[in-house]
1. Just checking, how many residues over segment 180-193 are touching a residue at least 12 places away in the same chain (Cβ under 8 Å), surrounded by fewer than 22 Cβ atoms within 10 Å (Cβ to Cβ) and not in a helix (DSSP H, G or I)?
2. In the set Gly307, Gly245, which member is closer than 18 Å to Glu63 by Cα, surrounded by fewer than 24 Cβ atoms within 10 Å (Cβ to Cβ) and touching a residue at least 40 places away in the same chain (Cβ under 8 Å)?
3. Against the condition part of a helix (DSSP H, G or I) and in the same structural domain as Ala159 (by TED's automatic domain parsing), how does Ile244 come out, does it pass?
4. Which of the following residues is without any contact (Cβ under 8 Å) to a residue 24 or more places away in the chain, over 22 Å from Leu256 (Cβ atoms) and of a type outside the set (D, E, K, R): Pro52, Pro20, Pro47, Pro11?
5. So how many residues does segment 319-347 have that are in contact (Cβ under 8 Å) with a residue 12 or more places away in the chain and either touching an Asp or Glu at 6+ places or on another chain (Cβ under 9 Å) or part of a loop (DSSP other than H, G, I, E, B) (or both)?
6. Which condition number in (1) part of a loop (DSSP other than H, G, I, E, B); (2) at pLDDT 95 or above; (3) not aromatic (Phe, Trp, Tyr) is the one that Ala299 fails?
7. Kindly evaluate Thr123 against the criterion of being assigned by TED's automatic domain parsing to the domain that holds Gly179, among the polar types (S, T, N, Q), touching an Asp or Glu at 6+ places or on another chain (Cβ under 8 Å) and at negative phi.
Amino acid sequence: MPPVVVDDVEPDPVSAARTPAVAAILERALAGDAVGRDDARLLITCPPGDLPAVCAAARVLRERGKGRTVSFSPKVFIPLTRLCRDACGYCTFRTDPRSDPHLYLTPEEVLAVARAGERAGCTEALFTLGERPEQRYPEARRWLAARGYRSTLAYLRDAAALVLRETALWPHLNPGTMGRDEIARLRDVSASMGLMLENVSERLCGPGGPHEHAPSKHPRARLRTLEAAGALRVPFTTGLLLGIGETPAERVDTLLAIRESHARWGHVQEVIIQNFRAKPRTPMAASPEPGADEIVRAAAVARLLLGPAANIQVPPNLSAGGYHVYLDAGINDWGGISPVTIDYVNP
């Protein structure tokens, strides 16, 4: 696809705003003032006529911090295990021992994927895996014990060390919620780690919610992981998941929680604005997906809340055919792009 061309002369966001309250917020944001909760909630629900001005302000901040460089990471996805103790309402990544008796990738399989990525010019090995499957499945415990491991995280450490030692790829680890000691044990075999915060709403964990049967999706557990990574100065990727039943206000609260953690530790290297996609054979198969307008709003408000220096991504594979519009909302990153493997979490 040809590159998106943005006019050199941007409209003045403040004068383009149609609502005085929106104009005032944008003026303060462009002057360097932090956008607060109430202001961000107003922006994310602003009238359609104000959205172009909000996006223009987001682009101004993006260009102050990132210029016109749009980044991506050439990588391979290594699904070390798809077993998981959680059962989220929208997930197709998760398997169980009956549907996936293979249970875990072997070290040889891990290395084969990594070397294929190396040959294709990749620089990153993204380890994706379910949350602590040994706590739910005796089959997982037996597989690990037969190879001398007490936990999936212990096996992950050796698998990442293998890739680091035998290839030129940098491991990035997404193993779910972790305590400080667990993160510390993984730090020397990874360039960075990640965990989608998704949403700070406790309501989504209640009966009928998408996280009712997913204990690791409780906001407190995920925030503890985000904080522990910060305390250990681990470069960390996190983000917001749109369209799983949250309100616009809860989207803002999630972005603010990320901003507050990064303000304490300076460790958040990237924030993903990820849109829910309905997948067959899941409890949320018939749920409505967020439209492009919602994604644009969330991305623009993320830029205004997180500031010029933030790296903000919208995954292009979840918006095929129209993903370039998010550049107009102030993002500067496309995330992981693989010439070898699919995105197993969001195929």
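The values are calculated or read from the model by the stated rules, or taken from the named source; none is laboratory data. All values reported here derive from a predicted model rather than from experimental measurement. Note that we place each Cβ from the backbone using ideal geometry, even for glycine, and neighbour counts take in every protein chain shown.
1. The qualifying residues number 3.
2. Values: Gly245 fails: closer than 18 Å to Glu63 by Cα.
Step by step, each of Gly307, Gly245 is checked, and only Gly307 is closer than 18 Å to Glu63 by Cα, surrounded by fewer than 24 Cβ atoms within 10 Å (Cβ to Cβ) and touching a residue at least 40 places away in the same chain (Cβ under 8 Å).
3. Values: part of a helix (DSSP H, G or I): no; in the same structural domain as Ala159 (by TED's automatic domain parsing): yes.
Criteria not met by Ile244.
4. Details: Pro52 fails: without any contact (Cβ under 8 Å) to a residue 24 or more places away in the chain; Pro47 fails: without any contact (Cβ under 8 Å) to a residue 24 or more places away in the chain; Pro11 fails: without any contact (Cβ under 8 Å) to a residue 24 or more places away in the chain.
Answer to the selection: Pro20.
5. Of segment 319-347, the ones in contact (Cβ under 8 Å) with a residue 12 or more places away in the chain are 319, 322, 324-347.
Now restrict to residues that are either touching an Asp or Glu at 6+ places or on another chain (Cβ under 9 Å) or part of a loop (DSSP other than H, G, I, E, B) (or both): 319, 322, 330-333, 335-336, 338-347.
Within segment 319-347, residues that are in contact (Cβ under 8 Å) with a residue 12 or more places away in the chain and either touching an Asp or Glu at 6+ places or on another chain (Cβ under 9 Å) or part of a loop (DSSP other than H, G, I, E, B) (or both) number 18.
6. Looking at each condition in turn, Ala299 falls short on (1).
7. Numbers: assigned by TED's automatic domain parsing to the domain that holds Gly179: yes; among the polar types (S, T, N, Q): yes; touching an Asp or Glu at 6+ places or on another chain (Cβ under 8 Å): no; at negative phi: yes.
For Thr123, the condition - assigned by TED's automatic domain parsing to the domain that holds Gly179, among the polar types (S, T, N, Q), touching an Asp or Glu at 6+ places or on another chain (Cβ under 8 Å) and at negative phi - is not met.
Okay, residues lined up against (1) in a loop (DSSP other than H, G, I, E, B); (2) without any contact (Cβ under 8 Å) to a residue 40 or more places away in the chain:
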| position | (1), (2) |
| --- | --- |
| Gly148 | yes, yes |
| Asp158 | no, no |
| Leu162 | no, no |
| Arg165 | no, yes |
| Ala168 | yes, no |
| Met178 | yes, no |
| Met196 | yes, no |
| Gly209 | yes, no |
